[in-house]
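To start, the structure itself, in structure tokens.
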Amino acid sequence: MSGPSGPRVPTGNPVVPLTPSDIATQVSHLAIRRAALSFGSMSVLAAMAGVFVALGAMLTNTIAASSNLGLGPTRLLMGIGLSTGLFLVVITGAELFTGNNLMVIGLLDHQITVRQLIRNWISVYLGNFAGALAVVLVVFWSRWWEIADFSFGAAALTNAHAKIDLGLGTVFARGILANVFVCLALWLATAGRSLIDKLVAVVLPISAFVAGGFEHSVADMYFVPIGMLVSGQPEVAEAAQLSSAQLDGLNGAWFAGFLAIVTLGNVVGGVAVSLANWFVHLRRIPTVG
């Protein structure tokens, strides 16, 4: 061991990966920590997560603007852009509603109560929404949508408008798939021992969900409101080649219903990942005899 002036020797072996059971145990213990947060801390951390995901969503719109790479490569790069938001969530310890669906593992493991789980989910969801809307307003006021002959705004509007015609079943299914990927990304990030480990763990699943066109409630808290705001700018609508009649459906009533279905799908996807991993890794089988 080095002397007082030498480098600190880390404890444990950071090279040895965690086993799936170790990860499940850590996720269960994280549920205890999240459930014990004060309302103030929980709200601030939730707002931070909403801000981070919204910034990543803004980056995906920017990447999509006037892209000539083709749909597949463009959506893959958009996924890397959105990964920025989740990576910031992971590294800062922010509270993300969709990731906190993994707290179900702690509930099944008898580490937290239903009341604690619901309290966390409601508080974090509202905090995520507040943080995302704050970014929407600042981005709009920055006139980001004017950049590159309104192509940035056109990308945001086109993305939001494309969601209008999705059927409820489609939205629900896409919500499930999105949060399966998000929860798996956080599961992998829990196993990471370094920033690089966690970055790689986040980028691959998030890129997959964005490339697949799935729906994430917190990301949609940015995508749809920014589209609604820029839809009122004639130059943006013209750049997106959308008429006022086509944009009529992009309104608050539609958004409320759309977001509710996406959120429900996200919860189902997150609970499915939680149930599967709890059943395999933490379920206690009664001893016979």
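The values are calculated or read from the model by the stated rules, or taken from the named source; none is laboratory data. Every value quoted in this text rests on a predicted model; they were computed, and no experiment measured them. Here the Cβ is made from the backbone with ideal geometry for all residues, glycine too, and neighbour counts use every protein chain on show. In case anyone asks, the SASA skips ligands and DNA or RNA and just uses the protein heavy atoms, side chains included. Shrake-Rupley method; radii C 1.70, N 1.55, O 1.52, S 1.80 Å.
If a/c stays under 1.5 just call it rounded; otherwise compare a/b with b/c (prolate if a/b is bigger, oblate if not). Do that for the stretch 16-73, with a ≥ b ≥ c from the square roots of the Cα gyration tensor eigenvalues. Write out the running numbers ahead of the final one.
Values: a/c = 5.55, a/b = 1.58, b/c = 3.50.
Note, shape of the stretch 16-73 comes out oblate.
Just how large is the dipole of the chain about the Cα centre, in debye to the nearest 20, putting +1 at every Lys and Arg Cβ and -1 at every Asp and Glu Cβ?
Details: 13 positive and 12 negative charges, 216 e Å.
Here the chain has a charge dipole of around 1040 debye.
What does the charge add up to near residue 146, with Lys and Arg as +1, Asp and Glu as -1, over the other residues with Cβ less than 14 Å from its Cβ? Show your work: numbers first, answer last.
Values: positive: 143; negative: 149, 235, 238.
So the environment of residue 146 carries a net charge of -2.
Classify the stretch 103-173 as rounded, prolate or oblate from the Cα gyration tensor: take a ≥ b ≥ c as the square roots of its eigenvalues, call it rounded if a/c is under 1.5, otherwise prolate when a/b beats b/c and oblate if not.
Working: a/c = 4.28, a/b = 1.95, b/c = 2.20.
Oblate, because a/c is 1.5 or more while a/b does not exceed b/c.
For q = 0.07 Å⁻¹, what log10 I(q)/I(0) does the chain give under the Debye formula with an equal point scatterer on each alpha carbon and no solvent?
Summing over Cα pairs of the chain leads to -0.28.
Could you give the radius of gyration (one decimal) and Dmax (whole number) of the Cα atoms in the stretch 157-222, in Å?
For the stretch 157-222, the Cα radius of gyration and maximum Cα-Cα distance read 13.5, 43 Å.
As an exercise, find the ratio Rg/Rh for the stretch 144-259 from alpha-carbon atoms, using the Kirkwood inverse-distance average for Rh.
Numbers: Rg = 16.4 Å, Rh = 15.5 Å.
Taking Rh as the inverse mean 1/r over Cα pairs, Rg/Rh reads 1.06.
For the stretch 74-116, what is the convex hull volume of the alpha-carbon atoms per residue, in Å³? Mind showing how you got there, number by number?
Details: hull volume 3.7 nm³, N = 43.
Spread over its residues, the Cα hull of the stretch 74-116 gives 87 Å³ apiece.
Arrange the peptides 65-72, 182-189 so that the one whose residues have, on average, the most other Cβ atoms within 10 Å appears first. Write out the running numbers ahead of the final one.
Details: 65-72: 11.9, 182-189: 23.9.
Highest mean packing first, the order is 182-189, 65-72.
For the stretch 187-254, give the percent of accessible area contributed by carbon and sulfur heavy atoms, probe 1.4 Å, rounded to a whole number. Please list the in-between numbers first.
Working: 1710 of 2800 Å².
Whole-percent figure for carbon plus sulfur exposure: 61.
Using a Gaussian network model on the chain with a 10 Å cutoff between Cα atoms, which of 151, 243, 28 fluctuates the most?
Highest fluctuation among the options: 243.
Roughly speaking, to the nearest percent, how much of the stretch 75-135's 1.4 Å accessible area is carbon and sulfur? Show your work: numbers first, answer last.
Values: 1680 of 2300 Å².
Answer for the stretch 75-135: carbon and sulfur cover 73 percent of the accessible area.
Got a number for the accessible area of residue 32? Probe 1.4 Å, square angstrom, nearest 10.
60
Give, as ranges by residue number, the residues of the stretch 55-69 whose backbone N falls under 12 Å from the point 7 Å along Cα→Cβ of residue 195.
Within reach of a label on residue 195: no residues.
Give me the distance in nm between label points sitting 7 Å out from Cα along the Cα-to-Cβ direction at residue 115 and residue 146, one decimal.
Going from the residue 115 label point to the residue 146 one covers 5.4 nm.
Rounded, prolate or oblate: which fits the stretch 15-132, taking a ≥ b ≥ c as square roots of the Cα gyration tensor eigenvalues, rounded meaning a/c under 1.5, else prolate when a/b beats b/c?
Oblate is the answer for the stretch 15-132, as a/c is 1.5 or above yet b/c matches or exceeds a/b.
Name the residue farthest towards the positive end of the dipole of the chain from the options 24, 219, 70, assuming +1 on Cβ of Lys and Arg, -1 on Cβ of Asp and Glu, about the Cα centre.
Among 24, 219, 70, the one farthest towards the positive end of the dipole of the chain is 24.
With a Förster radius of 25 Å, plug the Cβ-Cβ distance of residue 29 and residue 260 into 1/(1 + (r/R0)^6) and report the FRET value to the nearest 0.05.
Working: r = 31 Å, r/R0 = 1.25.
The computed FRET efficiency comes out at 0.20.
I'd like to check one number: the per residue accessible area of the chain, probe 1.4 Å, reported in Å² as a whole number.
Numbers: 13680 Å² over 289 residues.
Value returned for the chain: 47 Å² of accessible area per residue.
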